[in-house]
């Protein structure tokens, strides 16, 4: 019983910390984009604009909730909630050394949660009953499914390398050298796939303002929009954490780990401030003609290494 209560309290603490992290990530993004565009960003609310995210949250959640008359109301209403739930649920695989939940199949759980995330975007676009939202949803689904293939293959390469689905094993194998040094091309492919998975610039076709108004979330306002926004930023933080675990040494108990994680989140913002949007056919070409062969070759290479290692041991 005490274990159960401890697990619940730890999960609650984790969720609160993630949500606070998401709040300040939005502030960081607005500040960094401001300085990239040679302006200040939010600096009026409180001390240098620090309480700005909380002011925005209060404003968004107290506004009137509107919905289109022709929308499929229940699906329209629940898809942002499920989206945020999935984004927070996937944090359960965070490799606590205290074993919050003993996740021996953490990487499989991550793949399941990210593939479920596709449905929330699709349902949000379809249930709004708007052509723009539907087009944005379809684009996002095609893009996410395409890049999930390369993400899964890159993950399988590392599963063969460390011989486990548990994220904590990355700590054990990266004591002497980070994986980024021996698998640098995979690191770049993983980062680009993460950008595509979280619908971020230069792959933000689901929200292409120039042709789709605001994409799949065009009919959402106030609370619904805020939940979609929170889900996206929770995913960005999670992908940054996963990159640090897999490529940059999984020392989750050290302060440096969180510095690396913040830098990765900053990279997402930096890319947004620097690169223009990709063309859609080039996005698909990149997924199927560049990343898929790269990740497949690495996968076969790691399988070969594993077989060679086992045969030497025998």
State all residues of region 83-111 that are free of Cβ contacts under 8 Å to residues at least 60 places away in the same chain, part of a helix (DSSP H, G or I) and more than 15 Å from the chain's Cα centre (by Cα); if no residue qualifies, say none. 108
What is the one condition in (1) part of a helix (DSSP H, G or I); (2) in contact (Cβ under 8 Å) with a residue 40 or more places away in the chain; (3) within 29 Å of residue 247 (Cα to Cα) that residue 118 does not satisfy? (2)
Condition first: closer than 25 Å to residue 27 by Cβ, assigned to a helix (DSSP H, G or I), out of contact with any strand residue (DSSP E or B) (no Cβ under 6 Å at 6 or more places or on another chain) and modelled with pLDDT of 90 or more. Can you find one or more residues in region 274-292 that meet it? yes
Can you tell me which condition residue 17 does not meet? The list is (1) part of a helix (DSSP H, G or I); (2) over 24 Å from residue 269 (Cα atoms), and all the others hold. (2)
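Here's a check for you: in region 173-183, which residue that is in a helix (DSSP H, G or I) and touching a residue at least 40 places away in the same chain (Cβ under 8 Å) is nearest to residue 269 (Cα to Cα)? Reasoning before the result, please.
The first filter runs over region 173-183 and keeps only residues in a helix (DSSP H, G or I), leaving 173, 179-182.
Of the ones still in play, those that are also touching a residue at least 40 places away in the same chain (Cβ under 8 Å) are 179-180.
Values: 179: 24, 180: 21 Å.
Restricting to residues being in a helix (DSSP H, G or I) and touching a residue at least 40 places away in the same chain (Cβ under 8 Å), the top hit is 180.
Residue-wise test of (1) under 18 Å from residue 150 (Cα atoms); (2) surrounded by 19 or more Cβ atoms within 10 Å (Cβ to Cβ); (3) at pLDDT 85 or above.
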residue	(1), (2), (3)
197	yes, yes, yes
201	no, no, no
206	no, yes, no
209	no, no, no
214	no, no, no
217	no, yes, no
220	no, yes, no
231	no, yes, yes
235	yes, yes, yes
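Can you tell me which of 117, 106 is within 22 Å of residue 284 (Cα to Cα) and out of contact with any strand residue (DSSP E or B) (no Cβ under 7 Å at 6 or more places or on another chain)?
Exactly one residue qualifies, and that residue is 117.
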Which of the residues spanning region 79-103 are closer than 15 Å to residue 226 by Cβ and surrounded by fewer than 18 Cβ atoms within 10 Å (Cβ to Cβ)? 81, 85
Has region 56-68 got any residue that is in contact with a helix residue (DSSP H, G or I) (Cβ under 6 Å, 6 or more places away or on another chain), in a helix (DSSP H, G or I) and surrounded by 14 or more Cβ atoms within 10 Å (Cβ to Cβ)? yes
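Within region 135-145, can you find the residues that are in contact (Cβ under 8 Å) with a residue 24 or more places away in the chain and either out of contact with any helix residue (DSSP H, G or I) (no Cβ under 7 Å at 6 or more places or on another chain) or surrounded by fewer than 20 Cβ atoms within 10 Å (Cβ to Cβ) (or both)?
We begin by selecting, within region 135-145, every residue in contact (Cβ under 8 Å) with a residue 24 or more places away in the chain; these are 135-137, 139-140, 142-145.
Answer for region 135-145, where residues must be in contact (Cβ under 8 Å) with a residue 24 or more places away in the chain and either out of contact with any helix residue (DSSP H, G or I) (no Cβ under 7 Å at 6 or more places or on another chain) or surrounded by fewer than 20 Cβ atoms within 10 Å (Cβ to Cβ) (or both): 142, 145.
Specify which of the listed residues (186, 195, 227) is more than 12 Å from the chain's Cα centre (by Cα), outside any loop (DSSP other than H, G, I, E, B), within 21 Å of residue 290 (Cα to Cα) and in contact (Cβ under 8 Å) with a residue 24 or more places away in the chain. Let's see the steps before the verdict.
Working: 195 fails: more than 12 Å from the chain's Cα centre (by Cα); 227 fails: within 21 Å of residue 290 (Cα to Cα).
On inspection, the qualifying residue turns out to be 186.
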Kindly provide the set of residues from region 43-55 that are surrounded by 12 or more Cβ atoms within 10 Å (Cβ to Cβ), part of a helix (DSSP H, G or I) and at negative phi, ordered by number. 52, 53, 54, 55
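The values are calculated or read from the model by the stated rules, or taken from the named source; none is laboratory data. Quick caveat, the model's predicted, so the values are computed rather than measured. Backbone-built Cβ (ideal geometry, glycine too); neighbour counts: all protein chains shown.
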